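The values are calculated or read from the model by the stated rules, or taken from the named source; none is laboratory data. The model shown is predicted, which means the values in this text are computed figures rather than measured ones. All Cβ positions, glycine included, derive from the backbone under ideal geometry; neighbour counts span all protein chains shown.
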Amino acid sequence: MKKEIDRQRKLPGFSIGVGDLEVLWNRMLALFDNEERIFQSLKIELRSETLGFSNVEELKQYGELKGQVSSFSIWLSGKDMRVSIHTARFWPGLGGLFYKKAIVNATSSSDAWVAGALDTVYSFLASHKVWYRWVVAAPLGWILIILLNIPAAMELSGWRAFGFRSGAFIGWFSTLIALGFLFVFRGRLFPAATLRITEEEGFIWKHIPELSLIIAVLSAVLTVLGLFLGWGSA
């Protein structure tokens, strides 16, 4: 009888350069110290094409790729064991409306090897976490559903602070628009994983996440102020 253990673990939002990728790659290779042949693969998905590399050195020698990418996968496998990293996958045409968070997956007949492989990848990428990782993990869909039902809940409770002439409505609607924008474009503005090929970003693009967060925070502040104003005028 052949036993196979397959497990995965969600990764925190992270950002690494090519040098970091090489260090991670070598640590993953070290997991296969008793294997004679190791299959290695790095795939980078762009808008109109998919690039494949067999190691980090090939990526370094490829000079046509610039900037950063957020959709890529790493796959290393031996005879009876494999470990892989899969990052965000965007639903075509929806600007990142639906996407999967980055995960690490390990398969082997040894439970100890699987646990060690998952821990090796997770511990390394956890040291390269992005500041907005909470946005990646946040259940924005559920937050929007709750936010959409606030006016109805207020009406049922007898509190009419969300009348169309109330300042509360302005704050509520602004927050709804801001969170809706983040929900639809979260995959692009706050990628779950980023591989920096080169550091050739403009100021605006580089700071889009910070600017988007500022908009969301301001909208939340408007909501709180609007609630007080609406309560005071109710």
Give the number of residues within the stretch 35-66 that are at pLDDT below 85 and surrounded by 12 or more Cβ atoms within 10 Å (Cβ to Cβ).
1
Would you kindly identify the helices (runs of 4 or more DSSP H) lying entirely within the stretch 91-208 that contain at least 1 residues that are at pLDDT 90 or above and of a type outside the set (A, V, I, L, M, F, W, C)?
111-126
How many residues, within the stretch 55-69, are β-branched (Val, Ile, Thr) and either in a helix (DSSP H, G or I) or not assigned by TED's automatic domain parsing to the domain that holds Ile85 (or both)?
1
